[in-house]
1. State which residue pairs qualify: first residue in contact (Cβ under 8 Å) with a residue 60 or more places away in the chain and more than 15 Å from K98 (Cβ to Cβ) and inside region 46-57, second residue assigned to a loop (DSSP other than H, G, I, E, B) and not aliphatic (A, V, I, L, M) in any location, beta carbons under 9 Å apart, and separation of 6 or more residues or different chains.
2. Give the residue that is farthest from the chain's Cα centre (by Cα), with candidates limited to residues of region 1-18 that are of a type in the set (D, E, K, R) and surrounded by 19 or more Cβ atoms within 10 Å (Cβ to Cβ).
3. Out of all the residues in region 1-44, which are over 15 Å from L105 (Cα atoms) and touching a helix residue (DSSP H, G or I) at 6+ places or on another chain (Cβ under 8 Å)?
4. Go over the candidates E35, E26 one by one and state the one that is touching a strand residue (DSSP E or B) at 6+ places or on another chain (Cβ under 7 Å) and either surrounded by fewer than 21 Cβ atoms within 10 Å (Cβ to Cβ) or over 26 Å from D101 (Cβ atoms) (or both).
5. Kindly provide the set of residues from region 2-18 that are under 18 Å from M66 (Cα atoms) and of a type outside the set (D, E, K, R), ordered by number.
Amino acid sequence: MKILVVDDDPAIRMLYKEELEDEGYEVVVASSGQEALKLFDEQEFDLVTLDILMPDMDGIQVLRKMKEKRPRVPIVMSTAYDYRDDFAVWASEAYVVKSSDTTELKETIRRLLKK
């Protein structure tokens, strides 16, 4: 299973990459929305984790573009802020608040990839 981790924070990218590789996933990282979309066009991913607040293009825009191209790829929105009341994130399959404890993220990914 191959996961694309999109986050502008290098510490989060490294944490998610290490934690998810420990779970047995192949992990590719992107530091911006543009880079994520380029990788998404070039490679097949089983799941994407996507930060909402990024400098070049916000995660909601990236989410929409990815869903237009491949609506079946599950996308987990990941942010330090609580956006659950923002209907724009509803297009994603799941929503996880960022934390150094990646238990919720890993459980969410496991659940989505079992479908």
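1. The qualifying pairs are D46/Y25; D46/P74; L47/Y25; L47/P74; L47/E93.
2. If we filter region 1-18 for residues that are of a type in the set (D, E, K, R), which is where we start, we get 2, 7-9, 13, 17-18.
Restricting the remaining residues to those that are surrounded by 19 or more Cβ atoms within 10 Å (Cβ to Cβ) gives 7, 13.
On the way: D7: 8, R13: 10 Å.
Per the criteria, the residue is R13.
3. Of everything in region 1-44, those that are over 15 Å from L105 (Cα atoms) and touching a helix residue (DSSP H, G or I) at 6+ places or on another chain (Cβ under 8 Å) turn out to be M1, V28, V29, A30, S31, G33, A36, L37, F40, D41.
4. Working: E35 fails: touching a strand residue (DSSP E or B) at 6+ places or on another chain (Cβ under 7 Å).
After ruling out the rest, the residue left standing is E26.
5. Taking region 2-18 first, the residues under 18 Å from M66 (Cα atoms) are 2-8.
Passing the criteria: I3, L4, V5, V6.
We did not get these values from a lab; they are worked out from the coordinates using the rules stated. Since this is a predicted model, take the numbers as computed values, not measurements. Heads up, the Cβs are rebuilt from the backbone with ideal geometry, glycines too, and the neighbour counts pull from every protein chain shown.
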